[in-house]
Amino acid sequence: LKSSNNLQVPGTGFNDGTFTAPRNTNACQREVFEQLRKQWNQAQLGALTSREDADDLDMQNNAFAMEQLKQAEEEVRKLRRENAQLKTGLLSAQEDSTEKSSEANNLLQQMSRLQAELSDMKFRHKSEVMALRQQLEDTSNTLRQQTEDMKRMDERSRAAEAAA
């Protein structure tokens, strides 16, 4: 309720700070009653308006809160879908990574084996080349020796023919 500080009470002797003698008491009481009733009605109307405003405000707040709740729920659903997609992508990437790692290990083992084979082949080739060079040198020496022997035999044979 509003304060009754501005209430004027006729006949009480205290209007505007000056004392006057009391007058007709019934008339004064009626005036006071009317003023109180006006103030009461204004207060009730204000309270009613305040309640209606409060109810309207509550309804608006509730509607706003419901809208925010719907938006938040939609955002949660969206984030859950996105999270599921990311988890699926992560699992797929992990599987790919595992496959690639396994493939890389297999290729590394294969490369190591091939390098060992290449090293063995180089060693065998080098040994074969050295053996073939030695054989070629021996054959060349034998050919030279046989050529010299044939020359000598040819010379003896010519000398023997010339002597006969």
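Tabulated results
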{"item": "Karplus 3J(HN,Hα) series, Hz, for the range 155-164 with 6.51 cos²θ - 1.76 cosθ + 1.60 (x for Gly, Pro)", "result": "5, 5, 5, 5, 5, 6, 5, 5, 7, 8"}
{"item": "Pairwise label distance in nanometres, Leu108 with Gln85, each label 7 Å out on the Cα-Cβ vector", "result": "3.6 nm"}
{"item": "Counted charge near Lys151, where neighbours are those whose Cβ lies closer than 12 Å (Asp, Glu -1; Lys, Arg +1)", "result": "0"}
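Bear in mind these aren't lab numbers, they're just calculated from the coordinates by the rules spelled out. Computed from a predicted model, the values in this text were never measured in an experiment. Every residue, glycine among them, receives a Cβ derived from its backbone with ideal geometry; neighbour counts consider all protein chains shown.
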